[in-house]
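Where a number appears in this text, it was derived from the coordinates with a stated rule and is not lab data. Predicted model only: the values in this text are computed from it and were never measured. Glycine gets a Cβ as well: all are built from the backbone with ideal geometry, and neighbour counts include every protein chain shown.
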Amino acid sequence: MSAAPATRGLSRRAFLRVSLSAAGGLLLSLRPRAVARETPSGGEALGAFIRIEPDGRIVIGARGCEIGQGVKTSLPMLIAEELDVPWSAVTVEQLPYGLVAAKDAPGFTSPYGPQGAGGSTNIPDGWRDLRQAGARARWLLIQAASRVWQQPPDRLTTREAQVVHPDGRTLRYAELASRAATLSMPAADVPLKARSEYRIIGQPTRVIDARDVVTGVAAYGIDAAIPAALTALIARCPYFDGEVASVDDSQARRVPGVRLIFRVPGPKPGAPLDRNLVAGVAVVADDFWSARRGREALRITWTRPSGAADSSAALERRATAALAESGKIARQDGSPEAARRAAARVVEATYVMPLLAHATMEPPNALIDLKPKRALLIASLQSPGGASQMVHAMTGIARTDVEIRLPRVGGGFGRRLENDFVAEAVLVAQAAGTPVKVMWTREDDLQNDFYRPFGLHQLRATLDAQGRLTSWAHRVAATPRKYRAAGMEDEADWVGCLDRDGFPAGCVASYLSEFVPVDFSIPRGWWRAPLPTFSAFPVESFLDEVALASGTDPLAMRLDLLGAPRELPYRDFGGPTLHTGRLAGVLNGAARAIGYGRKLPAGRGIGLASHFTHGGYAAHALEVAVSQAGALEVVRCVCAADVGEIVNPLGLEAQMMGATLDGLSAALNLEITVKDGRIEQSNFPDYPLLRMAAAPDVEVHLLDSGFPPSGAGEIGIPSAAPALANAIFAASGKRIRRLPVGGQLKSAAKAS
Amino acid sequence: MAIDFTLNQRPARHDGDPAMPLLWYLRDHARLTGTKFGCGIGYCGACTVHLDGAATRSCVTPMSAVAGRRVTTIEGLATDGRLHPVQLAWIEEDVAQCGYCQAGQIMAAVDLLTRKPAPSDADIASLTNLCRCGTYPRIRRAIRRAAAQLNGGRR
């Protein structure tokens with residue numbers, strides 16, 4: 001890392017415009033400033049991402065946080081394509097978080113552009129700037145060859161890491177690199193390849209560091225080590241906003257390996273949650289096992305804040321009462337009230353969405369080494385920019401002197417958009433005076449999360465005498481995501497909880513979208529495809545209920561509502577428009593693949609659902625069997641996706657497969673509940689992620705609509721749960737209106 | 001009292017707490033971090049290693065139970081730099097997403113193929129290692145591919 005001049009006291013927002021998107025991604029709005037410079041390896045750097053080694057190896061920097069979404073492979077593919085090198089010649093190196101002081105003004109600039117992982121933005125961002133980074137380096141190499149050969153550059157072409165002379169002679173990039181590195185980058189954007197010229201984009205490409213993963217060499221945040229670092233565990237207050245009342249550490253201090261025990265303050269009650277989540281007692285020890293034994297030996301009593309009396313049952317009662325009140329209207333078209341008065345029939349249903357935890361396989365952790373004027377942070381992150389700001393704010397160390405390495409990340413799902421575990425590491429390292437790694441156990445993780453909001457969705461549709469849909473009203477009473485979230489002060493309460501412009505908005509003459517906030521003291525966060533997963537289940541389930549009431553086929557009704565292919569305004573994250581033709585395309589694709597409409601034996605059913613998520617489109621079609629006793633089996637599972645131009649079909653298939661299973665896993669079994677102010681679940685046995693035996697194969701159909709690509713990591717999850725519920729209804733006549741499905745089918749079978 | 005055992009075909013010794021789980025010996029003391037921590041209660045399988053060749057959840061295996069036995073971790077699965085057919089199949093089928101659980105998945109799959117060289121669908125479904133990314137369909141394919149390789153006698 002470069003030792004850039006300190007910039008203490010300068011506005012860090014002046015140049016680094018960090019905006020928290022509706023989906024929670026930290027979006028750096030700067031483009032990378034490519035600077036050609038020599039590197040110690042003997043290779044030549046052409047911009048911020050590319051190094052050409054003397055032996056011809058092409059080293060490409062991967063800027064993103066690899067959380068399993070495949071960006072360590074797909075983003076370098078974009079660069080390699082436009083650089084025009086064979087993928088087999090490419091070596092990928094993970095870049096650290098990049099930040100340098102801006103040259104001419106206060107603030108910072110980013111050499112690499114956006115590096116966070118949130119909102120499925122990596123591919124659309126890279127589509128804009130990383131292809132250009134590759135093309136600019138190629139342009140430099142052509143300029144260098146043009147000087148060697150005394151030929152105008154526009155007569156030269158490239159092929160497989162070589163520049164080609166009109167007479168067929170070639171110069172290898174490795175031969176040209178040192179000359180190219182002395183040239184200035186082009187001032188303006190250079191032309192990109194036509195789609196017909198692609199050699200890498202669109203090719204099935206395996207995970208670039210798969211060998212490291214399967215040999216155990218790949219390093220995750222939890223694997224980080226630096227000399228003299230101690231390991232810390234924190235006993236956290238089981239109540240949010242509670243404090244340590246008393247602590248007896250006499251037994252814990254006798255545990256071999258335990259070095260230090262001290263209190264860690266939590267946030268002030270009601271204050272923004274922009275540091276650690278909760279108060280506790282830290283045990284700093286030589287290794288994990290000593291810290292764990294030390295923590296178990298602590299005797300702590302906690303204060304009981306007002307939330308200590310709360311429960312999931314009380315929360316649901318509050319939400320039910322809230323639905324009876326009027327809330328904030330986020331969108332109204334026509335007059336739903338007039339439609340109701342004129343209706344031949346009214347259809348109503350209320351759906352319940354539970355709290356969810358993220359449960360990344362790698363629990364949160366952070367290793368930090370604080371020196372007086374610099375810091376090193378190694379952690380599994382989704383928001384390194386947020387971590388950088390946090391370390392600076394807590395220590396006063398200039399942001400350019402906070403080195404942040406980006407190891408592989410054992411799952412994100414939105415949990416690591418928060419950096420509370422980084423704040424803990426700073427607090428513990430400051431108090432201990434040594435480098436420290438704060439570790440979390442699974443129990444710590446499930447009980448100290450920013451949970452997916454809880455909410456009730458009340459849906460009402462009106463039909464005329466011909467069974468046509470005349471109005472649609474969607475009212476949500478939920479625990480706002482905004483609750484104590486830093487950076488959301490100016491947002492409406494309903495952001496992240498109310499999909500005001502989602503289908504069927506714009507397809508029904510009268511439409512209402514309304515939100516009523518519900519009080520709850522437990523923190524909420526972004527959970528993979530936050531708004532779409534929260535909204536798709538009630539909306540797509542209710543579409544089937546309306547189809548049933550109107551005597552229409554659910555697919556035919558959806559296609560009829562979507563109507564002619566056109567763009568509808570979509571003001572929230574993933575907009576500015578939603579394309580009805582693309583939504584119809586994935587629905588038709590999924591329906592075709594599963595053989596929608598064919599005759600099925602008794603106890604079998606097919607269900608469909610689709611959703612627009614973060615600029616991408618996906619549909620699911622599931623065939624399930626429900627036995628007399630209520631046993632559920634997914635017989636077939638189809639996912640059709642249109643995320644525009646496909647960068648890596650192999651990686652995209654994996655994302656859709658994984659997201660589908662994630663959606664089914666949550667829909668079938670996952671729920672966080674609260675009793676006496678505490679989270680009731682503590683480990684996987686009571687938060688049972690899907691296992692192999694219950695996981696169906698997923699048939700993925702990738703539709704290439706030719707639009708610029710959206711991301712992929714979150715697009716395949718929202719429609720899985722409603723397709724499952726619609727299939728269950730088709731098979732059994734049992735309508736699931738509360739997630740998770742859990743034992744509802746078995747209870748229904750017993751009752752009948 | 002010191003505990004002597006074999007770790008990835010080399011002699012090893014533990015002088016510390018005999019109650020320390022093998023997982024934490026491997027990660028914090030032997031610095032073999034390929035074996036992962038997931039739940040600490042032997043449920044998720046991220047910490048799976050081989051004890052005398054059999055898949056074992058190292059987070060609930062105390063060091064006292066390791067005395068005199070052979071421990072193999074993901075780092076010890078390849079021989080002379082040649083990857084195990086299961087590791088190769090994992091690469092071929094492009095299984096990993098975040099990859100965190102995959103060392104445990106691979107160790108469990110190697111154990112399964114040792115016990116059942118031609119595993120049925122039910123045998124494969126008996127694996128209980130958790131994967132939050134949902135790589136199960138590709139894990140199944142990789143196990144079938146590895147089984148075919150091993151039965152073909154190419155190793």
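Tabulated data for the structure shown
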| read-out | value |
| --- | --- |
| Theoretical gain in end-to-end length, A:Ser178 to A:Arg128 [0.36 nm per residue, Cα-Cα removed] | 15.3 nm |
| Tensor-based shape of the stretch A:432-554 (alpha-carbon gyration tensor, a/c under 1.5 rounded, otherwise prolate or oblate) | prolate |
| Ranking of A:Lys371, A:Lys437 by count of other Cβ atoms within 10 Å, fewest first | A:Lys371, A:Lys437 |
| Hydrodynamic radius by Kirkwood, which averages 1/r over all alpha carbon pairs of the stretch A:699-752, in angstrom | 13.8 |
| Derived scalar couplings ³J(HN,Hα) [the stretch B:45-58; Karplus, 6.51 cos²θ - 1.76 cosθ + 1.60; whole Hz; x for Gly, Pro] | x, 4, 9, 5, 10, 9, 10, 6, x, 9, 4, 9, 8, 6 |
| Ranking of A:Asp464, A:Asp223, A:Asp274 by count of other Cβ atoms within 10 Å, fewest first | A:Asp464, A:Asp274, A:Asp223 |
| Structure-based [θ]222 nm, chain B - -39500 (n - 2.57) summed over DSSP H runs of at least 4, per residue, nearest 500 | -8500 deg cm²/dmol |
| Simple Cβ-charge dipole of the stretch B:85-151, Lys/Arg +1 and Asp/Glu -1, about Cα centre, in debye nearest 20 | 80 |
| Percent RCO, i.e. relative contact order, over the stretch A:18-213, from Cα pairs under 8 Å lying at least 6 residues apart | 25 |
| Other-chain or far-sequence residues with amide H under 5 Å of A:His701's (modelled H) | A:Cys639, A:Ala640, A:Ala641 |
| Alpha-carbon radius of gyration plus Dmax, which is the widest Cα pair, for the stretch A:525-592 in Å | 13.4, 40 |
| Sites matching trypsin sites (Lys or Arg not before Pro) across the stretch A:364-416 that sit in DSSP coil, with at most 15 neighbouring C-beta atoms within 10 Å | A:Lys373 |
| Length-normalised contact order for the stretch A:371-458 - Cα pairs under 8 Å, 6+ apart - percent | 29 |
| Kirkwood hydrodynamic radius (C-alpha pairs) into Stokes-Einstein, the stretch A:324-402, 37 °C and 0.692 mPa s, D in µm²/s | 179 |
| Label-point gap, in nm, between A:Gln466 and B:Asp80 - each point 7 angstrom along Cα→Cβ | 7.9 |
| Between the stretch A:654-709 and the stretch A:145-164, the Cα center-to-center distance that results, in Å | 51 |
| Semi-axis lengths, Å, the stretch B:1-98, gyration tensor of Cα atoms, sqrt of 5 times eigenvalues | 24, 16, 10 |
| Label-point separation, A:Arg155 to A:Glu197 (7 Å along Cα→Cβ), nm | 1.9 |
| Proportion of all alpha-carbon pairs of the protein assembly as shown beyond 49 Å (%) | 21 |
| Chain B: most fluctuating residue of B:Thr35, B:Thr128, B:Thr56 per GNM, C-alpha cutoff 10 Å | B:Thr128 |
| Under the Debye formula (equal points on every Cα, no solvent term), log10 I(q)/I(0) of the stretch A:18-213 at q = 0.18, 0.19 Å⁻¹ | -1.27, -1.39 |
| Neighbour count of at most 15 Cβ within 10 Å plus DSSP loop: longest GluC sites (Glu not before Pro)-free window in chain A | A:492-752 |
| Compactness index (Cα Rg / 2.2 N^0.38 Å), the stretch A:591-677 | 1.33 |
| Mean-position separation - Cα centroids, the stretch B:2-69 and the stretch A:489-530, in angstrom | 48 |
| From phi via Karplus (6.51, -1.76, 1.60), per-residue ³J(HN,Hα) for the stretch A:44-60 in Hz, x at Gly/Pro | 10, 8, 10, x, 7, 10, 10, 10, 10, 7, x, 7, x, 5, 10, 9, 10 |
| Hz values of 3J(HN,Hα) by residue in the stretch A:352-362 - Karplus curve (6.51, -1.76, 1.60), Gly and Pro given as x | 10, 10, x, 5, 10, 9, 7, 6, 4, 4, 8 |
| Expected-Rg normalisation [2.2 N^0.38 Å, Cα atoms] applied to the stretch A:632-700 | 1.42 |
| Reachable aspartates and glutamates from A:Lys373, criterion Cα separation under 12 angstrom, eight or more residues apart if same chain | A:Asp401, A:Glu403 |
| Distance between the stretch A:432-471 and the stretch A:109-127 - C-alpha centres, whole angstrom | 25 |
| Fraction in percent of alpha-carbon pairs per bin - 5 Å, the stretch B:85-151 | 4, 20, 35, 27, 12, 2, 0 |
| Rounded, prolate or oblate (a/c below 1.5 giving rounded, otherwise prolate when a/b exceeds b/c) for the stretch B:61-106 by Cα gyration tensor | oblate |
| Trypsin sites (Lys or Arg not before Pro) within the stretch A:564-627, DSSP loop, no more than 15 other Cβ atoms inside 10 Å | A:Arg566, A:Arg571, A:Arg598, A:Lys599 |
| Cα-based shape type of the stretch A:192-253, given that a ≥ b ≥ c are square roots of the gyration tensor eigenvalues and the cut on a/c is 1.5 | prolate |
| Sequence-separation-based contact order of the stretch B:85-151, relative, with Cα cut under 8 Å and 6+ spacing, percent | 52 |
| For A:His620, A:His358, A:His392, order by how many other beta-carbon atoms lie within 10 Å, fewest first | A:His392, A:His358, A:His620 |
| Cα-projected label distance for A:Asp697 with A:Arg571, points at 7 Å along beta-carbon direction, nm | 4.6 |
| Extreme residue, positive dipole direction of the stretch B:1-98, given options B:His29, B:Cys98, B:Ala55 (C-beta unit charges) | B:His29 |
| Cβ-defined net charge surrounding B:Gly68, 11 Å radius [Lys, Arg +1; Asp, Glu -1] | 0 |
| MRE, 222 nm, helices only [DSSP H, n ≥ 4, -39500 (n - 2.57), over chain A, to nearest 500] | -8500 deg cm²/dmol |
